[in-house]
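The values are calculated or read from the model by the stated rules, or taken from the named source; none is laboratory data. The model shown is predicted, which means the values in this text are computed figures rather than measured ones. Because the Cβ atoms are built from the backbone with ideal geometry, glycine has one as well, and the counts that use them run over all protein chains shown. What goes into the accessible areas is simple: the full protein's heavy atoms, side chains included, and nothing from ligands, DNA or RNA. Shrake-Rupley method; radii C 1.70, N 1.55, O 1.52, S 1.80 Å.
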Amino acid sequence: MTDLTQAQVRERIEKSLASRHRKEKLFRGLGIGSIAFGVLAVLILFTDIISKGSGAFVQTAIQLEVHYDKQVLGIDKVDDESLTWANFTGVIRQSLRERFPTVTGRSDKRELYSLVSSGAPFTLRDRLAANPELLGKSEKVWLSVDDDVDTFVKSLKDSKEGFRGRTSDQKAGWIEQLLDSGELKKRFNTIFFTNGDSREPEQAGIRAALMGSLFTLLVTLALSFPIGVAAAIYLEEYAPKNRWTDLIEVNINNLAAVPSIVFGLLGLAIFINFFELPRSAPLVGGLVLTLMTLPTIIISSRAALKAVPPSIREAAMGMGASRMQVVFHHVLPLAMPGMLTGAIIGMAQALGETAPLLMIGMVAFIVDVPAGVTDPATVLPVQIFLWADSPERAFVERTSAAIMVLLSVLIVMNTSAVLLRKKLERRW
């Protein structure tokens, strides 16, 4: 009877263990499946963005035999005033007519002229300004093509059929002739990194947005880091523990969860309407992002200060150090890696914000590259927003390419934060 009872107990234990093992395997499988699903979603996202945006890093160019004819240009010498009024468009059209002499009709000529980008005359102007001796002479020049031509060429695969869009059969025939003769090629798109925004996709670049983002982040870092660290030091090392400090801590934690657009409304009301600071300037954008980033920096800085063992403070005080010497000579240097990590993560968060900057007018169409924090500017996330709303097909790949640049910067910043923390942190 006793042996039978033991067998039953053993059987129940084995069943219980088997059930527990099944649940553990199920839980482990669900965890692995969740991670795999997340990684798959990220891979799909990156694949889609890269597939759509990689084409923006190359631009189709056409090679033309350009003659800087004084009569066509309407100038006799090369100076700033003459170059401003010179007819470089006429020079390009003359080169196209010489390349396709059989095109005679007015409508056909208009279609022929549309092969070249409207920004090509500025390229010739810059070349002639840099080389005045070219006046009256000829040279072969690579010029950007129109966005419709660029889209058609990039859509061509093994066959001669590509995305036509607004490209007629006659125009497609000219493109095929130029491709066969090697006068139409895809080259690295330097314009994407050297130009500001433009209504024409083939002339649009991200340089103005990158500089605007840089100036905005510099203002944000210059204000948020010292203020956030000072606030964290006071709350953690000096402030008495009472209801007022508890209220401040609760408000800081609540501010960290406030939607970012609220900070944009606050910046619009205070910095622009009350203080009358310039709209759409990195200075105002940096002030708004400072308000948004401060809670993150304060919380991370306080956590870094708490991580320093009390024995460090006690040992310093035992050696006769003052309260300020304890904090600035011993505690702060040990907590600085954690503070820097929090600041970098806060800057990365600020770099990707769009809503608060839209509220203060940084959605403006900016062509010129800003030279300072008070110049009109936009930032990379807002530039992506503007391009995504554009109807031209060529802006789709530029939107994705700008997203790739933004993601690259964010990945570099977050990776730097992780590496900095691993290199400088101390384990107690």
Ordered by number, the chymotrypsin sites (Phe, Trp or Tyr not before Pro) in region 264-316 that occupy a DSSP loop and have at most 14 other Cβ atoms within 10 Å are PHE275
Here the longest stretch of the chain that holds no GluC sites (Glu not before Pro) in a DSSP loop having at most 16 other beta carbon atoms within 10 Å is 1-160
With bins of 10 Å, the percent of all Cα-Cα pairs of region 61-125 per bin from 0 is 21, 51, 26, 3
For LYS186, counting only lysines whose alpha-carbon sits under 30 Å away and dropping same-chain residues fewer than eight positions off, the answer is LYS52, LYS109, LYS137, LYS140, LYS154, LYS157, LYS160, LYS171
Region 340-355 scanned against label point 7 Å out from ALA256 along Cα→C-beta; backbone N under 20 Å for 340-353
Taking every alpha carbon pair in region 353-427 and sorting the distances into 10 angstrom bins from 0 up to the bin holding the longest one, the percent per bin comes out as 17, 35, 29, 14, 5, 0
Using alpha carbon centers only, region 207-230 is separated from region 231-257 by a whole-angstrom value of 24 Å
Checking region 178-259 for trypsin sites (Lys or Arg not before Pro) in a loop per DSSP with at most 12 other beta-carbon atoms within 10 Å yields ARG199, LYS241
Trypsin sites (Lys or Arg not before Pro) in region 52-107 lying in a DSSP loop, each with at most 11 other Cβ atoms within 10 Å of its Cβ, come to LYS77
The extension gain from LYS423 to ILE312, computed as 0.36 nm times the residue separation minus the Cα-Cα distance, is 37.9 nm
By the DSSP-based rule, helices of the chain that are at least 30 Å long along the axis (C-alpha) and have a mean Kyte score of at least -0.5 are 2-53, 207-233, 282-306, 394-424
Taking a probe of 1.4 Å and leaving out DNA, RNA and ligands, region 1-145 shows per residue an accessible area in Å² of 66 Å²
Rounded to a whole %, the carbon-and-sulfur portion of the accessible area of region 1-144 at a 1.4 Å probe is 57 percent
By the Kirkwood definition, with r running over pairs of different Cα atoms, region 112-244 has a hydrodynamic radius in Å of 19.4 Å
For region 289-428 (alpha-carbon point model, no solvent) the Debye-based log₁₀ I(q)/I(0) at q = 0.10, 0.12, 0.13, 0.20 Å⁻¹ works out to -0.51, -0.66, -0.72, -1.17
Note: region 47-204 at 10 °C, 1.306 mPa s; Kirkwood Rh on alpha carbon pairs; Stokes-Einstein D in µm²/s works out to 95 µm²/s
Label model pair ILE227, PHE100: point-to-point distance (7 angstrom along the Cα→beta-carbon line) in nm is 5.9 nm
A student asked for the Cα radius of gyration and Dmax of the chain in angstrom ought to give 31.3, 121
Kirkwood-based Rg/Rh on the Cα set of region 223-372 evaluates to 1.08
Length gained, ASP80-GLU65, 0.36 nm per residue minus C-alpha separation, equals 3.0 nm
1/(1 + (r/R0)^6) with r = Cβ-Cβ of ARG199 and LEU40, R0 = 41 Å, i.e. FRET efficiency to nearest 0.05, evaluates to 0.60
Once normalised by the length of the chain, the mean sequence separation of its alpha carbon contacts under 8 Å that are 6 or more apart gives a contact order in percent of 19 percent
